[in-house]
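See below for the structure under consideration.
The values are calculated or read from the model by the stated rules, or taken from the named source; none is laboratory data. These figures come from a predicted structure and were not determined experimentally. Backbone-built Cβ (ideal geometry, glycine too); neighbour counts: all protein chains shown. Remember, those area values only see protein heavy atoms, side chains included, never the ligands or the DNA or RNA. Shrake-Rupley method; radii C 1.70, N 1.55, O 1.52, S 1.80 Å.
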Amino acid sequence: MTVSEREARAVAEAAREQDWRKPSFAKELFLGRFRLDLIHPHPEPAPEDAERGEAFLAELEEFCRTGIDGAAIEREDRIPDEVIRKLKEMGALGMKIGREYGGLGLTQVYYNKALGMLASVSPAVGALLSAHQSIGVPQPLKLFGTQQQCDAFLPRCATTDISAFLLTEPDVGSDPARLGATAVPDGDDYLLDGVKLWTTNGVIADLLVVMARVPASDGHEGGISAFVVEGDAEGVTVENRNSFMGLRGLENGVTRFHRVRVPAANRIGPEGAGLKIALTTLNTGRLSLPATCVGAGKWALKIAREWSAERVQWGREVARHEAVGSKISFIAATTFALEAVVDLASQMADEERNDIRIEAALAKLYGSEMAWRIADELVQVRGGRGYETAASLAARGERGVPAEQLLRDLRINRIFEGSTEIMHLLIAREAVDAHLSVAGDLIAPDSSFADKRKAALSAGAFYAKWLPQLVAGPGQRPGGFSEFGSLAPHLRYVERTSRKLARSTFYAMSRWQGRMETKQGFLGRVVDIGAELFAMSAACVRAEKLYADGAASGDPDAAARGHHAYQLADAFCRQARIRTDELFGRLWTNTDDLDGEVVSRVLDGAYTWLEKGVVDPSSAGPWIAPAEPGPSRREDVHRRIGS
């Protein structure tokens, strides 16, 4: 399917949530309003929720230590069936499913802690459970399903059935306007046809959430819609089990649908609501990925500490050398901040007092980027041993540390559930929503004169009130945020910089107007600055909570943790401030325009002479596999995991 850029943007715009019914800390941050009251004091889970969550974590940790062999999963490229069966018995399939449906009913906070623990021993196991519960059948049904659908499917998902989410197609990634799969009404059913790619859990899934386009017709509004489909329904074929550079053991495949009969009762929400359902599901579903990044950071810190204390060079432990020590400081401080971001966003999701669509997206973006840097630094700290596989290390008698596997496993986080580039655009769109709401028609090229006049009046009223607020604030007062002690200067920096970011964004919109959406380099840096400010805020709030809890407990160890948390937050904020100042410098001093010219020459073939002198080892074949609808001609590799 071929669609124009404007048509594609219209589909994406129609799918996003239009209203802000609840406050958002991150949205306010991008507008230059530092609403610390929305996150401080740090929200906490209810005692009962914490008790049940901690009990499950204790049981899960024992199973991770004794029942999951991460090295075997890596070696054999498969999660053993007995591991999956044990997870079912423990109730791990239903961590996020309510107890009324047979699930554990854990909060988002404890669900994420469980995923982080699982991913530390086997990222493939963490991905399996995350795909099943965060974006698979349970979450969209919880948000949009009917009572009948919840009664029919949630008990299965909680105890026996694995689910998968199918949106991507061979020629459709982040541009769903070109979706090719169709669901044609046929009486009380739909006939589903199409091919889906990168179906995490799809190889072993019992239930599928499938996005397909319903043609408009009499009695059918049509549009991209969501359906629950039985994995073993007639006409469903898993044509391939894909392999990747990391996440070995991931049951990810290619699934073909040929005239698959789906009852209309299995459609989630109305016709045409599929993309909105998908995006809304991801608002909290995205938190599972940064949760696994936190687990990776904790493990990396442990290995860096133990190794750098053991390894001696030039008469001292390598950690005592500044060049290595700075890397370990980065790992420790950033891991503290990542956990602060995930815990804060998760608790906000549990309380449902705030709109966290930007916070969750920032957590995904920041977690995936910073965890990748953590893994890269760990490999560097380990030196040659960091590049060597765990199996090779063990074979020659050393501790089998899978540092290189961590790097491979984490690389996908910067791509799936929204690549870094797409996350930049998604967050930027939400960050400038207030501006577009009042001035969108003023800068839109196809707006009528009457619409532009109306927008001008609305924009004038908004900016007359908003712009003066960006001049001064508590970040300029020496005593501002004094309750945070030595961390107060960092919060004053966040407040000042938030206003500076809002001014920069306003200036850019005034300068580029309708062309703003093409300035992806600028928008990406704006979002990255916002991510740093959000992470600094979360780190300070978490440190203050740990400090206050420790002081109130009377426990010397807890009090010490509070002091240590302050030190880690201070280190992180100092590092983040340097990165933020660099990003501000690159807002206006960059090579964006020149890069565009070079890209044009590359695509024109002007630099093909530079490609001479190499031999391309790629195999023959099309860049994108054909995916025409029709019956499958390949063996079905779908397999079921028995209870």
Subject >> L407 under 20 Å from W512 (Cα atoms), within 32 Å of the chain's Cα centre (by Cα) and in contact (Cβ under 8 Å) with a residue 24 or more places away in the chain >> reply: no
**OP:** Write out, first by first residue and then by second, each pair whose Cβ atoms fall under 7 Å of each other, whose residues are 6+ apart or on separate chains, and whose first residue, in the stretch 134-145, is at pLDDT 95 or above while the second is assigned to a loop (DSSP other than H, G, I, E, B) and of a type in the set (G, A, S).
**Re:** F144/G269
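Residues are listed down the side, and each one gets a yes or a no for (1) open to solvent by 20 Å² or more (accessible area, probe 1.4 Å); (2) modelled with pLDDT of 95 or more:
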residue: F257; (1), (2): no, yes
residue: I268; (1), (2): no, yes
residue: G285; (1), (2): no, no
residue: K298; (1), (2): yes, yes
**OP:** Would you please list the contacts, defined by Cβ atoms under 6 Å and residues six or more apart or on different chains, that run from a residue in the stretch 184-197 that is closer than 14 Å to E239 by Cα to a residue that is open to solvent by less than 20 Å² (accessible area, probe 1.4 Å) and among the polar types (S, T, N, Q)?
**Re:** K196/T255
Original post:
Somewhere in the stretch 604-621, is a residue of a type in the set (D, E, K, R), touching a strand residue (DSSP E or B) at 6+ places or on another chain (Cβ under 6 Å) and open to solvent by 40 Å² or more (accessible area, probe 1.4 Å)?
Top reply: no
Subject >> Failed criterion for K545 (all others in (1) within 26 Å of A345 (Cβ to Cβ); (2) touching a residue at least 60 places away in the same chain (Cβ under 8 Å); (3) touching a helix residue (DSSP H, G or I) at 6+ places or on another chain (Cβ under 7 Å) hold) >> reply: (3)
**OP:** Identify, by number, the condition in (1) among the aliphatic types (A, V, I, L, M); (2) out of contact with any Asp or Glu (no Cβ under 8 Å at 6 or more places or on another chain); (3) modelled with pLDDT of 95 or more that L470 doesn't meet.
**Re:** (3)
**OP:** Tell me which residues, restricted to the stretch 215-250, are in contact with a Ser or Thr (Cβ under 6 Å, 6 or more places away or on another chain) and buried (at least 23 other Cβ atoms within 10 Å of the Cβ).
**Re:** V238
**OP:** Please go through the stretch 210-227 and pick out each residue that is within 26 Å of the chain's Cα centre (by Cα), within 15 Å of R261 (Cα to Cα) and aliphatic (A, V, I, L, M).
**Re:** V210, M211, A212, A226
Original post:
Of all residues in the stretch 569-595, how many are closer than 16 Å to Y507 by Cβ and either without any contact (Cβ under 8 Å) to a residue 40 or more places away in the chain or β-branched (V, I, T) (or both)?
Top reply: 3
**OP:** Give the residue, chosen from A309, A390, A304, that is over 23 Å from A531 (Cβ atoms) and touching a strand residue (DSSP E or B) at 6+ places or on another chain (Cβ under 6 Å).
**Re:** A309
Original post:
How about the stretch 479-493: which of its residues are assigned to a helix (DSSP H, G or I) and either in contact with a Phe, Trp or Tyr (Cβ under 6 Å, 6 or more places away or on another chain) or open to solvent by 10 Å² or more (accessible area, probe 1.4 Å) (or both)?
Top reply: S482, E483, G485, S486, A488, P489, L491, R492, Y493
**OP:** Return yes when Q405 is closer than 22 Å to V121 by Cβ and part of a helix (DSSP H, G or I) and no when it is not.
**Re:** yes
Original post:
Hey, any hits in the stretch 358-376 for a residue that's open to solvent by 20 Å² or more (accessible area, probe 1.4 Å), under 18 Å from K302 (Cβ atoms) and out of contact with any Cys (no Cβ under 9 Å at 6 or more places or on another chain)?
Top reply: yes
**OP:** For E76, state whether it is open to solvent by 60 Å² or more (accessible area, probe 1.4 Å), over 26 Å from the mean Cα position of the chain (by Cα) and either at pLDDT 95 or above or within 24 Å of L406 (Cα to Cα) (or both).
**Re:** yes
Original post:
Out of the residues in the stretch 412-424 that are out of contact with any Asp or Glu (no Cβ under 8 Å at 6 or more places or on another chain) and not in a loop (DSSP other than H, G, I, E, B), which is farthest from E13 (Cα to Cα)?
Top reply: I412
Original post:
Quick check, is L426 open to solvent by 30 Å² or more (accessible area, probe 1.4 Å), within 21 Å of L362 (Cα to Cα) and either of a type in the set (A, V, I, L, M, F, W, C) or modelled with pLDDT under 90 (or both)?
Top reply: yes
**OP:** Kindly indicate whether any position in the stretch 39-47 is open to solvent by less than 10 Å² (accessible area, probe 1.4 Å), hydrophobic (A, V, I, L, M, F, W, C) and within 29 Å of A212 (Cβ to Cβ).
**Re:** no
**OP:** Given the conditions (1) out of contact with any helix residue (DSSP H, G or I) (no Cβ under 7 Å at 6 or more places or on another chain); (2) more than 25 Å from E417 (Cβ to Cβ), report the number of the one that G253 does not fulfil.
**Re:** (2)
Subject >> Every residue from the stretch 1-50 that is modelled with pLDDT under 80 and assigned to a helix (DSSP H, G or I) >> reply: E5, R6, E7, A8, R9, A10, V11, A12, E13, A14, A15
Original post:
Can you tell me how many residues in the stretch 51-64 are more than 16 Å from L115 (Cβ to Cβ) and touching a residue at least 24 places away in the same chain (Cβ under 8 Å)?
Top reply: 1
**OP:** Filter the stretch 128-165 for residues that are in a loop (DSSP other than H, G, I, E, B), closer than 18 Å to R267 by Cβ and open to solvent by 20 Å² or more (accessible area, probe 1.4 Å) and give the result.
**Re:** G145, T146
Original post:
In the stretch 365-392, which residues are more than 26 Å from the chain's Cα centre (by Cα), part of a helix (DSSP H, G or I), hydroxyl-bearing (S, T, Y) and farther than 21 Å from R305 by Cβ?
Top reply: S392
**OP:** May I ask you to list the residues in the stretch 276-326 that are basic (K, R), over 30 Å from I358 (Cβ atoms) and assigned to a helix (DSSP H, G or I)?
**Re:** K302, R305, R320
Original post:
Counting only residues that are among the hydroxyl-bearing types (S, T, Y), more than 17 Å from S537 (Cα to Cα) and in contact (Cβ under 8 Å) with a residue 12 or more places away in the chain, which one in the stretch 495-516 is surrounded by the most Cβ atoms within 10 Å (Cβ to Cβ)?
Top reply: T505
Subject >> Positions within the stretch 300-317 being of a type in the set (A, V, I, L, M, F, W, C) and open to solvent by 60 Å² or more (accessible area, probe 1.4 Å), in sequence order >> reply: A309, V312, W314
Original post:
Got a number for residues in the stretch 324-337 being crowded, with 24+ Cβ neighbours inside 10 Å and in contact (Cβ under 8 Å) with a residue 60 or more places away in the chain?
Top reply: 3
Subject >> So I412, is it open to solvent by 40 Å² or more (accessible area, probe 1.4 Å) and within 18 Å of S120 (Cα to Cα) >> reply: yes
